Structures are given as structure tokens and as C-alpha cells.
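Novice: Here you go, one structure.
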Amino acid sequence: MSPKQLFRGLALAEAVTWTILITALILRATAGLDLVVVGGSIHGFVFLTYAAIVLLVGVNQRWSIGLMALGVVTAIVPYATIPFELWLVKRGRLEGDWRREAGEHPADGNVVNRLLRWGLGRPVLLTVLGVVGVAAVFTALLIVGPPGGREA
């Protein structure tokens, strides 16, 4: 799977989970069905996964820190990941394959790029570490509780 395919899939998944969350909020307000916990949990997990993929793809594609931050911020605004992904495609920012080998770019020798290449050389391990990392952050956030405190 190319960086473009992975990013596109997560951008779409993030938008779909916004739909799930918004639908759950509407059902709670109109029909008294409290599905927000499920919708919120699904959305939260996908949000964290999207943020991790923004960082992974961003380093691979040599995006600036500002562009990576913008990518993460788009997940906060409902459906903004889709136009952001389209903008990246239009500008060629998702073109190319995974950088498994060092090139002649000055940044290729830094720690972040060496870790990227190490992980890309072990895709199963990178995936497992990514899932465990996202799950650990998700669990910690569940322990902390929802934004704004607990409802009575």
C-alpha cells in the first residue's frame, strides 16, 4: 500500500466516523438513544490513527512540521480530512513510494528518518507498534475521561 492509498483510506475513515458521531448525537437529542459512547469511541480511535498516519506519511513525504500539524488539525473539523487529502494530491504531496533506503537528502541522516526507514523495513512490526501505541493513547484518554468532564 502506497503512502497515498494509506492516507486516503484514513482520511475517508475519519470523515465516516464523523458521520457516526454526529448521527449518534442527533439520535441522543431526538430519540433519547445514547449511542454517543460507541460513536465517540469509534471516532476517537480513528482520529488517533489518522493523526499517527499523518505523522508517518508526513515524515516519509518530507512535509514540514506545519503541514503535518495542519493535517492533524483537519481531523478536528468535521469532514475536513477529505478536502485536505484532495489538496495534497493536487499538489503532488502524496506521490511516491515509502522511503526504505537513504537518499541524498540532508534530512535522511537524522534520527526520525532513520527510524522511519527501520520501521518501513519491518512493516508487520511497525503496524503492531502503531496499533499498540494508538491503543495505549486511546486507553489513557478513556481513563482521563471525556472532554469537558463527566455528565451527571
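Novice: Order by neighbour count: 101, 95, 14, fewest other Cβ atoms within 10 Å first, most last.
Specialist: Ranking 101, 95, 14 by Cβ neighbours within 10 Å, fewest first, gives 101, 95, 14.
Novice: Quickly estimate the mean residue ellipticity at 222 nm for the chain, helices only: each DSSP H run with n ≥ 4 gives -39500 (n - 2.57), and the total goes over all residues, rounded to 500.
Specialist: The helix-only estimate for the chain comes to -23500 deg cm²/dmol at 222 nm.
Novice: In the Gaussian network model of the chain, springs joining C-alpha atoms below 10 Å, which of 59, 111, 137 carries the largest mean-square fluctuation?
Specialist: Looking only at 59, 111, 137, the largest GNM fluctuation is found for 111.
Novice: Starting from the Cα gyration tensor of region 63-142, multiply each eigenvalue by 5, take the square root, and state the resulting semi-axes largest first in whole Å.
Specialist: Three semi-axes, in Å: 24, 21, 12.
Novice: For a quick check: sort 17, 127 by the number of other beta carbons within 10 angstrom, fewest at the front.
Specialist: Least crowded to most crowded, the residues run 127, 17.
Novice: Amide H neighbours of residue 98 under 5 Å, counting only residues 5+ apart in sequence or on other chains, H built in-plane at 1.01 Å?
Specialist: Long-range HN contacts for residue 98: none found.
Novice: Using the number of other C-beta atoms within 10 angstrom as an exposure proxy, rank 8, 117 with the fewest first.
Specialist: 117, 8
Novice: How large is ³J(HN,Hα) for each residue in region 56-62, as worked out from phi by the Karplus curve 6.51 cos²θ - 1.76 cosθ + 1.60 (θ = phi - 60°), to whole Hz, x for Gly and Pro?
Specialist: These are the phi-based 3J(HN,Hα) values: 4, 5, x, 5, 4, 8, 6 Hz.
Novice: So what is Rg over Rh here for region 31-109, counting just Cα atoms and using Kirkwood for Rh?
Specialist: Rg/Rh: 1.11.
Novice: For region 3-144, count the residues as N, evaluate 2.2 N^0.38 Å, and divide the Cα radius of gyration by that value, please.
Specialist: That ratio works out to 1.17.
Novice: Using Cα springs under 10 Å in a Gaussian network model of the chain, which residue among 128, 46, 36 shows the largest mean-square fluctuation?
Specialist: 128
Bear in mind that the values in this text are calculations on the coordinates, not laboratory data. What you are looking at is a predicted structure, and each value in this text was computed from that prediction instead of being measured. All Cβ positions, even for glycine, are placed from backbone atoms using ideal geometry, and neighbour counts span all protein chains on display.
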